[in-house]
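What follows is a short report on a single structure.
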Amino acid sequence: MERRAFLKIAGGVAAGVGLTSIVTVKPARATPAEMQEAIRAVVGSARITPGKVKLDLPPLIENGNAVPLTVTVDSPMTEAEHVRAVHVFTEKNPQPYVVSFHLGPRAGRARVSTRMRLADSQNVVAVCQLSDGSLWSDSAAVVVTLAACLEDGI
Amino acid sequence: MASALINVPARARRGEIIEIKTLISHVMETGFRRTQVGAVIPRNIIRRFVCSYNGTEVFSADLHPAISANPFIVFSTIATESGTLAFEWTGDNGFSAKETAAITVE
């Protein structure tokens, strides 16, 4: 084999090894910075003001696999002034996204509930988009004793 | 086939705000779990839920792997006229489920 060809192959192998090690080292977990990026990716760059939204989560959670969550927004829900969407994000789950609800004036009342998974004790953030384009948020700090996503699969 | 539970009041006054509860059986596999031999269990989730009132979309949700198994969603709508509420869930692996509920508005 010629020296040049050998170097090409060796370089390729080394690069491949480098890539796989990066992939395995990265933890399956988002960070607060990634959550901020995710929020910006969903709602855009407008200013987010704390207030108007109320995110209800139990402060202490025994089982992170099914955590009840309720988001209430202070809004008259009329044609002129209503909630367009409610987004929920987490800091330390494998992905920052949780759910996006799309509402409208026909919802009557701006309150939605669901159940979510929590991989760790962390902050959960709800961001709501009003019909005038303004963004409001609320966050809740939760402590999880048994985390989701840890149990073995099949 | 997935089974869904829907809770919608059968009767309502015109203009009343009604609360709708929906529950559907689904594993919501996150795609982050592994089997005991280390193979990743592929993601299998419901990605979208839509509720239509007599054909008009009144509520929808985009779900992610952070939603618990058997997604439970509670929302509300204004009882405007008698008719049907149609619910539709769609997700990975061509998952699709539909359910309807009748409502009488007086």
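For the range B:1-20, taking the residues that are in a loop (DSSP other than H, G, I, E, B) and small (Gly, Ala, Ser), the one that is surrounded by the fewest Cβ atoms within 10 Å (Cβ to Cβ) is identified as B:Ala10.
For first residues located in the range B:36-53 and without any contact (Cβ under 8 Å) to a residue 24 or more places away in the chain, partners that are buried (at least 16 other Cβ atoms within 10 Å of the Cβ) and part of a strand (DSSP E or B) and lie 6+ apart or on another chain with Cβ distances below 7 Å form the pairs B:Ile41/B:Glu29.
Scanning the range B:32-52 for residues that are closer than 20 Å to B:Phe72 by Cα and either open to solvent by 50 Å² or more (accessible area, probe 1.4 Å) or not in a strand (DSSP E or B) (or both) gives B:Arg43, B:Ile45, B:Arg47, B:Arg48.
Checked against the criterion of being in contact (Cβ under 8 Å) with a residue 60 or more places away in the chain and touching a helix residue (DSSP H, G or I) at 6+ places or on another chain (Cβ under 8 Å), the candidates B:Thr56, B:Thr77 yield just one match: B:Thr77. Restricting B:Ala86, B:Ala102, B:Ala97 to residues that are touching a residue at least 24 places away in the same chain (Cβ under 8 Å), part of a strand (DSSP E or B) and open to solvent by 60 Å² or more (accessible area, probe 1.4 Å) narrows the list to B:Ala102.
For every residue, the table says whether it meets (1) of a type in the set (A, V, I, L, M); (2) more than 23 Å from A:Arg115 (Cβ to Cβ); (3) assigned to a strand (DSSP E or B); (4) within 14 Å of chain B (Cβ to nearest Cβ).
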site	(1), (2), (3), (4)
A:Glu37	no, yes, no, no
A:Ala41	yes, yes, no, yes
A:Ala46	yes, yes, no, no
A:Thr49	no, yes, yes, no
A:Leu55	yes, no, yes, no
A:Val71	yes, no, yes, yes
A:Ser75	no, yes, no, yes
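Looking across the range A:77-121, the residues that are under 17 Å from the mean Cα position of the chain (by Cα), part of a strand (DSSP E or B) and more than 7 Å from chain B (Cβ to nearest Cβ) come down to A:Ala85, A:Val86, A:His87, A:Val88, A:Phe89.
In the set (1) aliphatic (A, V, I, L, M); (2) in contact (Cβ under 8 Å) with a residue 40 or more places away in the chain; (3) at the interface with chain A (Cβ under 10 Å from one of its Cβ atoms); (4) open to solvent by less than 50 Å² (accessible area, probe 1.4 Å), B:Leu23 fails one condition alone, (4).
The values are calculated or read from the model by the stated rules, or taken from the named source; none is laboratory data. Owing to the predicted nature of the structure, the values given are computational and were not obtained by experimental measurement. Cβ atoms come from the backbone with ideal geometry, glycine included; neighbour counts cover every protein chain shown. Just the protein is used for accessible areas: all its heavy atoms, side chains included, with ligands, DNA and RNA removed. Shrake-Rupley method; radii C 1.70, N 1.55, O 1.52, S 1.80 Å.
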